[in-house]
1. Based on this model, can you work out whether V40 counts as buried (at least 23 other Cβ atoms within 10 Å of the Cβ) and at negative phi?
2. So which residues in the stretch 192-233 are aliphatic (A, V, I, L, M), in contact with a strand residue (DSSP E or B) (Cβ under 9 Å, 6 or more places away or on another chain) and not in a loop (DSSP other than H, G, I, E, B), if there are any at all?
3. List the pairs whose first member sits in the stretch 15-29 and is more than 17 Å from V40 (Cα to Cα), whose second member is open to solvent by less than 50 Å² (accessible area, probe 1.4 Å) and not in a loop (DSSP other than H, G, I, E, B), and whose Cβ atoms are under 7 Å apart, counting only residues at least 6 apart or on separate chains?
4. Which pairs have Cβ atoms under 7 Å, sit 6 or more apart or on different chains, and link a residue in the stretch 203-225 that is in contact (Cβ under 8 Å) with a residue 40 or more places away in the chain and crowded, with 18+ Cβ neighbours inside 10 Å to one that is in a loop (DSSP other than H, G, I, E, B) and of a type in the set (S, T, Y)?
5. Need at least 1 residues that are of a type outside the set (A, V, I, L, M) and in contact with a His (Cβ under 8 Å, 6 or more places away or on another chain) per element, so show me which strands (runs of 3 or more DSSP E) inside the stretch 2-73 make the cut, counting only ones lying wholly within it.
6. Which one is farthest from S114 (Cα to Cα), of the residues in the stretch 167-186 that are in contact (Cβ under 8 Å) with a residue 12 or more places away in the chain and in a helix (DSSP H, G or I)?
7. Conditions: (1) in contact with a Leu (Cβ under 8 Å, 6 or more places away or on another chain); (2) open to solvent by 30 Å² or more (accessible area, probe 1.4 Å); (3) under 22 Å from P168 (Cβ atoms). D83 meets all but one. Number of the miss?
8. Check whether at least one residue in the stretch 76-85 is within 21 Å of N144 (Cβ to Cβ) and assigned to a strand (DSSP E or B), and report yes or no.
Amino acid sequence: MERILVIGGARALGAAVARRAVKDGYDVVVGARDLAAADVLAREIGATALRVDLQDESTIAAAAEQLKDGIDHLVTTGSAPHDVRATELDRDKLLAAFTAKVVGPLLVAKHFASVLRPTGSMVMFSGVVGWRPGPGSLVKGITNGAVEYAARHLAADLAPVRVNAVSPGVVDSGVWDRLGDNKAGLLSKSAAGTFVGRHGETEDVVDTVMWLLRAGFISGETVHIEGGARHKST
């Protein structure tokens, strides 16, 4: 049975990936900053839980030590949004955003390079904002864009382990529920901004991640899951 570690696996898209991986027969480890939340999900789906905080290298190193007998796949879904204009940037929040998306996954690669089996893979999470610049999305755009290059260069550095990224558009993953009645409007606007005329669903992203785990001849790529939104003029 192949083993997969899903970092950020206690909530939203990470939790959805963990659930599907269990269903597909993987030995799943749910890694999260909030160990209690990870443990709740792990008990529910038949997985195990580990504390992994992308902002804290010591937790990454400890997780690699606990899994030193080997894993097949890594998925990193962490994020720390800092959605402000340039004049409002906060240095600590800026660094946290880059750590969640780029620095943290690089440190995961550092500590798990000797743990990942040669036939295995790593999947990182980017996002459509990296290709759609706009006021207030400066940090999210740059960090998501950087993930594409991180995946490409890690693929060369960790070879033959495959490294790829997924870049979702607006997905109804539960994260937008906080908008209340405004959620429907956001999703409708997103759907209108695609070629396919709909917003993304959680399964669109999960299907792609699971496919990449098995796609043995794909490495260094970013797969865009946004219905062509990057190519449609606003």
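The values are calculated or read from the model by the stated rules, or taken from the named source; none is laboratory data. In this text, all values refer to a predicted model and were calculated from it rather than measured experimentally. Reconstructed Cβ throughout: ideal geometry from the backbone, glycine too, with neighbour counts over all protein chains shown. Only protein heavy atoms, including side chains, enter the accessible area calculation; ligands, DNA and RNA are left aside. Shrake-Rupley method; radii C 1.70, N 1.55, O 1.52, S 1.80 Å.
1. no
2. V205, V209, L212, L213, V223, I225
3. Between residues of the stretch 15-29 that are more than 17 Å from V40 (Cα to Cα) and residues that are open to solvent by less than 50 Å² (accessible area, probe 1.4 Å) and not in a loop (DSSP other than H, G, I, E, B), the close pairs are D24/M210; Y26/R3; Y26/I4.
4. Sorted first by the residue in the stretch 203-225, then by its partner, the pairs are T222/S126.
5. In the stretch 2-73, 3-7 are the strands (runs of 3 or more DSSP E) which contain 1 or more residues that are of a type outside the set (A, V, I, L, M) and in contact with a His (Cβ under 8 Å, 6 or more places away or on another chain).
6. The first filter runs over the stretch 167-186 and keeps only residues in contact (Cβ under 8 Å) with a residue 12 or more places away in the chain, leaving 167-175, 186.
Okay, now just the ones that are also in a helix (DSSP H, G or I), so 175, 186.
Values: V175: 34, L186: 43 Å.
That would be L186.
7. Unmet condition: (1).
8. Within the stretch 76-85, one or more residues are within 21 Å of N144 (Cβ to Cβ) and assigned to a strand (DSSP E or B).
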